[in-house]
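One structure is given below, encoded as structure tokens.
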Amino acid sequence: MARILCVDDEPEVLVFLKAALAQAGHHVIEAGDAASAFQSVLLQTPDLVITDVMMPGESGYSLCRKLRAHAAFGNRPILVATILEGENEATESGATAFLSKPLDHEQLLRAVGEMLHKSDGQTLLAEGLEKLRTGDTASAARAFEGVIAADPGHALAGWARYYLGGMAQRSGDIKRAMELFRAIVAQDPGFWRAHNGLAVLFQRAGAPQTARKHYERSLQLRPDQPDVKKLLAELPA
């Protein structure tokens, strides 16, 4: 189906990725570090790259930046396996979306399916992320809105709303951010990042019990979030 480059310095992770993706019909190329991964891309451009962040030598962030600067790679999707705290840097480096560590089979195949979805929405999502990385937030917002219009019921629309919600939150438009994060969980109740976003917004709005509900839901969906557990413990009973 698709040619997928998997980059990780842990052999057992590569074994897991190759087995899961090959079973789904994909052709998998493996690389143990960023340098060899980039050489693989120069030989034959993959349809999708899945990369770890912390590796010997160059990081996954560095690889993302090199791929985005490589004309032949273009706007092809990059999935970065990272913890929540690394998502902003991953986006700035060129990531399209994220995989949460530790990886699991269902999450992996779902994310890969989303990223390989061929549509105007996929093109617009890549355009919006590129504009966001260059600081052109107005153009980024238009592109993300275009994703939602092109693929309103697809998971790509959830990612577009997630990026728009983050932009609204950073600009102080709390109402708009809440609307976007609520729309995500209405479409996909399992989008735990949106629950975290809502929890932060409700906490700032002086509604700790509602914030608690969203933190708890996020932890039900993704238990390995120590920072979220800390924030939850700090909320008033």
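The values are calculated or read from the model by the stated rules, or taken from the named source; none is laboratory data. Every value quoted in this text rests on a predicted model; they were computed, and no experiment measured them. Neighbour counts are summed over all protein chains in view; Cβ atoms, including those assigned to glycine, are modelled from backbone coordinates with ideal geometry.
The figures follow:
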| quantity | calculated |
| --- | --- |
| Elements of type helices (runs of 4 or more DSSP H) in the stretch 120-197, at least 2 residues being among the small types (Gly, Ala, Ser), in contact with a Phe, Trp or Tyr (Cβ under 9 Å, 6 or more places away or on another chain) and without any contact (Cβ under 8 Å) to a residue 24 or more places away in the chain | none |
| Within the stretch 129-143, tally of residues that are within 14 Å of residue 75 (Cβ to Cβ) and either at pLDDT 95 or above or in contact with a Ser or Thr (Cβ under 8 Å, 6 or more places away or on another chain) (or both) | 6 |
| Qualifying residues in the stretch 226-237 (those that are touching a helix residue (DSSP H, G or I) at 6+ places or on another chain (Cβ under 7 Å) and without any contact (Cβ under 8 Å) to a residue 60 or more places away in the chain) - the one surrounded by the fewest Cβ atoms within 10 Å (Cβ to Cβ) | 236 |
| Residue within the stretch 200-214 that is within 18 Å of the chain's Cα centre (by Cα), over 17 Å from residue 145 (Cα atoms), part of a helix (DSSP H, G or I) and not basic (Lys, Arg) present | no |
| Contacts under 8 angstrom Cβ, first residue in the stretch 201-225 being farther than 20 Å from residue 104 by Cβ, partner modelled with pLDDT under 95 and not in a helix (DSSP H, G or I), 6 or more apart | 203/235; 208/235; 208/236; 211/235; 212/235; 215/235 |
| Matching entry among 4, 50 (being in contact with a His (Cβ under 7 Å, 6 or more places away or on another chain), modelled with pLDDT of 95 or more and buried (at least 19 other Cβ atoms within 10 Å of the Cβ)) | 4 |
| Unique match (being within 27 Å of residue 191 (Cβ to Cβ), surrounded by fewer than 16 Cβ atoms within 10 Å (Cβ to Cβ) and either in contact with a Phe, Trp or Tyr (Cβ under 9 Å, 6 or more places away or on another chain) or not aliphatic (A, V, I, L, M) (or both)) among 94, 25, 60 | 25 |
| Which listed residue, of 168, 157, is at pLDDT below 95 and at negative phi | 157 |
